[in-house]
1. Restricting to the stretch 419-432, give me the number of residues that are surrounded by fewer than 21 Cβ atoms within 10 Å (Cβ to Cβ) and in contact with a helix residue (DSSP H, G or I) (Cβ under 8 Å, 6 or more places away or on another chain).
2. Being under 18 Å from Arg556 (Cα atoms), modelled with pLDDT under 85 and more than 36 Å from the chain's Cα centre (by Cα) is the filter here; which residues of the stretch 402-446 pass it?
3. Answer yes or no: is there a residue in the stretch 297-312 that is modelled with pLDDT under 80, among the polar types (S, T, N, Q) and farther than 25 Å from Asp212 by Cα.
4. Which ones in the stretch 113-134 are closer than 15 Å to Leu56 by Cβ, open to solvent by less than 90 Å² (accessible area, probe 1.4 Å) and either among the basic types (Lys, Arg) or in a helix (DSSP H, G or I) (or both)?
5. Got a sec? Which of Ile608, Ile596, Ile631 is in contact (Cβ under 8 Å) with a residue 24 or more places away in the chain, open to solvent by 10 Å² or more (accessible area, probe 1.4 Å), at negative phi and β-branched (Val, Ile, Thr)?
6. What is the residue count in the stretch 562-593 for residues that are touching a strand residue (DSSP E or B) at 6+ places or on another chain (Cβ under 7 Å), open to solvent by 30 Å² or more (accessible area, probe 1.4 Å) and of a type in the set (D, E, K, R)?
7. Against the condition out of contact with any His (no Cβ under 6 Å at 6 or more places or on another chain), open to solvent by 90 Å² or more (accessible area, probe 1.4 Å) and at pLDDT below 85, how does Lys137 come out, does it pass?
8. Please enumerate the residues belonging to the stretch 499-558 that are at pLDDT 75 or above and at positive phi.
Amino acid sequence: MANQPAKPSILVVDDTPENLDVLKGVLRDRYMVRPAINGALALKLAAKDPQPDLILLDIMMPEMDGYEVCRRLKESPRTKDIPIIFVTAKAKVEDELKGLEMGAVDYIQKPISPPVVEARVKTQLSLRHANRELVQKNSRLYEINEKLTASLEQLSASEERFRSLVQTIPDIVYKIDDNGLFTFLNKAVERLGFHQSELIGQHFSQIIHQSDIPRSSREEVIAEHGPDTPQGEKKVFDERRTGLRMTAGLQIRLSSKSGQAAEAAEIKTLSEEVVHVEVNSSGLYETEETQEAERNRSYVGTVGVIRDITERIRIQERLRLAKEQAEEATRLKDKFVSLVAHDLRSPLSSMVGLLEYLSEDTENPLGKEQKSLICEAVKSGHNLTRMIEEVLNISRLKTGKITLEKGFFDGHYITTEILQRLEYLSQLKGVTLLNEVPGATRLHGDQTLFGEVIQNLVSNAIKFSKGGQTIRVFVPNGESTTIAVEDQGVGIPEGVVTKLFNVSEKVSTPGTDGEQGTGFGLPFSNDIMEAHNGQLTVRSVVGRGSVFKAYLPFVRPRIVVVDDDHGGRTMLKQALRPFQTELFEAVNGEEALALIREKRPHLVLTDIQMPRMDGFQLLDAMKKSPLEREIPVIVITVDKDSETRDRAFQLGAVDFATKPLELHDFLPRVRHLLGG
């Protein structure tokens, strides 16, 4: 077979053909036998690859006897290691000793005994094989030893470099044993006023500020992090540790020592008595093999790094105070602006009203010039009133007096409503308004405030458009929750675009017919979009128009269906599939209430007759919760009694449907609540 190992090769040297035949007959079944009839041929065959594994050599041969052949074989570096067995008729002890002294490994007398030959050959081949393996192993051991020596030298150099590095870094590097006693400290500990030798053998708590030691105890850790903290004897710095005894980002205070540290070469002048530090450490373990060959880890200590964060703490504290002061200043400013604007609005409205009265007084009519001046004053008063109202809106939004009432609504519907309100204004300028927002465009947010954003964008587009131009409102490709307003107007210079949404950079440009603005509309719209976690963007080219985009985050409607009838829930799931909702099922009110509190759904569809907690009890529980009472609920039941309907509405249901459901009537009600 191809994979069968080759037979050992034996070179048989004898000038008598009959002797060669006898030896070949004994050995050929187990070995590859190569004959040689004289010494010269034997030397050539021994040096040729593949070399024989063993040589059987006669002594009495013409021209070159066996002793000479043996001598030459042993002198050659190539053949000196081939074992030789003399096979000869010489029976004297002196002949045998001479052969062994020349390097032969054995001596067989003629006439040969086949079993003796087989046994001697087998023994010598086994010894040769073992010797080869031993040589190879010795060679490998030598290589390993060389590599180990080189590695130890590199390790020694690396360790020396590491020690030098550890001693020079500004952080304190330490090692403690399993009893919490220091076994190593680098020179950085001298920044606390201690010499390394003072603390070696001392407990870790020696350098911890006394008031922080209880906070670092195991009892405090369990109280803060729970009973899963590793069990064991009370130790310092067990906080935040896992089973690996790791400490990550532990902030604590250390106490410094003033004066001269023992064995220190200089006096330590310390400006800080307490040093704020951050500790990061990891446990050290020894691994041992048990009789069952299982690995047991034994904790032997901890290594860690202590970093001085005193300056960081100071900076953080200054930043915190500065932030609080800035926030307080902003609150005071917003409150002041709100109060001033509020106080100005009433007298200004009265002044404008009086001026309008004078302008329209028929009993004491004004002259033409006077009336013109009064009209200009009224116009300015109305502009100022609008500005004050928008300032108040911004102030209310920033101070939280305007809160978002989020829900789903249809983007097409709200756009239609806005364009209808602005149609008169667009017709006056000869501008065409196009509503290209698809029907059932679902948006989620405060419908009223988002409507103000779109209305402001469209009115601005009208303001900066000319007769014959078109304004389109649409949903950009791939942006299903964005409403865009595009005009063909005058465009916005690049330097102005960056200031449009900044309330402190008041930008107000007259429209194409001289229309005046307050400059607060876009900042207010931007604040509304940011309050929604959305975004208001603009792209404009001077002379070609602008595109404003109002983006709202995508929200998938979550619906909880409550019914103990599996078939009823399945029917609703199939019916609601086109709405692309995230649907959750419950078999009774109790289960539904837990789902509602976990998932915060946008709509609940519930049956009434259910075990454990029926639909009325579910409505009552939701009504009592400030967070859940605002979630719309549609009651679905087989009970068509008017009293049942009235009770459902009294408990807060927004709609009522009876089984079997008429989907053409029921689904539009759901669509109204989900906006699409």
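1. Of the residues in that region, 7 qualify.
2. Of everything in the stretch 402-446, just one residue is under 18 Å from Arg556 (Cα atoms), modelled with pLDDT under 85 and more than 36 Å from the chain's Cα centre (by Cα), namely Ala440.
3. Yes, the stretch 297-312 has at least one match.
4. Pro114, Val116, Val117, Glu118, Ala119, Arg120, Val121, Thr123, Gln124, Leu125, Arg128
5. Going through Ile608, Ile596, Ile631 in turn, just one is in contact (Cβ under 8 Å) with a residue 24 or more places away in the chain, open to solvent by 10 Å² or more (accessible area, probe 1.4 Å), at negative phi and β-branched (Val, Ile, Thr): Ile631.
6. 3
7. No, not satisfied.
8. Asn533, Gly543, Gly545
The values are calculated or read from the model by the stated rules, or taken from the named source; none is laboratory data. Everything numeric here is computed off the predicted structure, so don't read it as measured data. Note that each Cβ is placed from the backbone with ideal geometry, even for glycine, and that neighbours are counted across all protein chains shown. The area values use the complete protein model at the heavy-atom level, side chains included, leaving out ligands, DNA and RNA. Shrake-Rupley method; radii C 1.70, N 1.55, O 1.52, S 1.80 Å.
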